[in-house]
Amino acid sequence: MSENPASSENPISKTFSIEVSVKSLQPGLYIISTPIGNLQDISLRALNALREVDFIACEDNRVVKKLLTHYGIKTPTFSYHDHNSTQKTPKIVEKIQAGQSVALVSDAGTPLVSDPGYELVRACVNKGVYVTAIPGVSASIMALSLSGLPTDQFFFGGFLPAKKGQMKKKMEELKTVPSTLVFYESPRRLVTFLETCLDVFGNRDVVVARELTKMFEEVRRGSVSTLLEEYKNEDAPKGEVVVLVGPGEKKSEWSEKDIKDCLAESLKKNSLKDSVGNVVELTGWAKKAVYQLALEVSKRSE
């Protein structure tokens, strides 16, 4: 997720130094995660590796230079992004085969998550050169942890197409995925995203997380319609955002006729409220839907 790692709040002092003895790195590709906002969110292992490698491949030299300068790291850098990856990939592999070590970093967060790099990793693997990763911050995982939505299964959708029609088409493809959906989105398109979300997914639970790890970190939770109304009445939020959409209701094996039959039987002995509660617990249907059917059954019996 492209956030400037130099825009840290409460960063540690620039005089901070690490005195850790490390062995020279073996030739290979080192995929290194960098902070998404707060410069303290980088591991000692990552800092040591950034010092030890021969070169650092990065999306934007200017962005990574701010991080390196903050920690007094003088390793040479060169750009590696979507527009030059075809030309640069074989050259990086050649460097490693010649005995050098190369770090791959994105502007912020974990490389290859909505960032370039998989072609490089695949090329290295195909050539049999050493590849490893030094893990760290990922905006999508952090947002998932904070969301309060189910985390046992999730689907990462990255950035959806900017045009509303294409965005809707992609959401339609994900409508039946039975897990939490995680997306990156521009704040300027957030209202459009939520409008499309309501149209395709319905009024599911949704979470909008922004400015993660920074001073003005914010996580909003609610239904799609509630958050849509809030953002419609506000200026566009600042900072890139992560939007998480809760899973839809699981399909029940119970048909509407089955529900009505159960309600009719239960209403012979119980109140409407108790009958609805019993059928909801038995079938897993939404309470609101069962209640509406209970009213129909009750009126018919009268």
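The values are calculated or read from the model by the stated rules, or taken from the named source; none is laboratory data. This one's a predicted model, so the numbers in the text were calculated from it and none came from an experiment. So basically every Cβ, Gly included, is an ideal-geometry build from the backbone, and we count neighbours across all protein chains shown.
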Worksheet item: Scanning for something at pLDDT below 95 and either more than 21 Å from Ser79 (Cβ to Cβ) or more than 20 Å from the chain's Cα centre (by Cα) (or both), does the range 138-147 turn up at least one residue?
Response: no
Fill in: Leu181 being in contact with a Pro (Cβ under 9 Å, 6 or more places away or on another chain), surrounded by 20 or more Cβ atoms within 10 Å (Cβ to Cβ) and part of a strand (DSSP E or B)
yes
Discussion item. Going through Ala46, Ala57 one at a time, which residue ends up being more than 24 Å from Ala209 (Cβ to Cβ) and at pLDDT 95 or above?
Written reply: Ala57
Worksheet entry | Some residue of the range 75-98 being under 12 Å from Ile31 (Cβ atoms), surrounded by fewer than 18 Cβ atoms within 10 Å (Cβ to Cβ) and not assigned by TED's automatic domain parsing to the domain that holds Val182 | no
Worksheet item: What do you reckon, is Glu265 surrounded by 19 or more Cβ atoms within 10 Å (Cβ to Cβ) and either charged (D, E, K, R) or outside the structural domain of Gly148 (by TED's automatic domain parsing) (or both)?
Response: no
Practice prompt. Would you be able to tell me the number of residues in the range 121-165 that are part of a helix (DSSP H, G or I), surrounded by fewer than 18 Cβ atoms within 10 Å (Cβ to Cβ) and of a type outside the set (A, V, I, L, M)?
Written response: 6
Worksheet item: Say we look at the range 184-197 and pick out the residues that are more than 17 Å from Leu149 (Cβ to Cβ) and of a type outside the set (S, T, N, Q); which of these is surrounded by the most Cβ atoms within 10 Å (Cβ to Cβ)?
Response: Leu190
Fill in: Condition met for Thr89 (within 28 Å of Asn126 (Cα to Cα), assigned to a loop (DSSP other than H, G, I, E, B) and among the β-branched types (Val, Ile, Thr))
no
Practice prompt. Kindly establish whether Val224 is β-branched (Val, Ile, Thr) and either under 24 Å from Pro111 (Cα atoms) or without any contact (Cβ under 8 Å) to a residue 60 or more places away in the chain (or both).
Written response: yes
Worksheet item: Could we say that Ile56 is assigned to a helix (DSSP H, G or I) and under 26 Å from Lys127 (Cα atoms) here?
Response: no
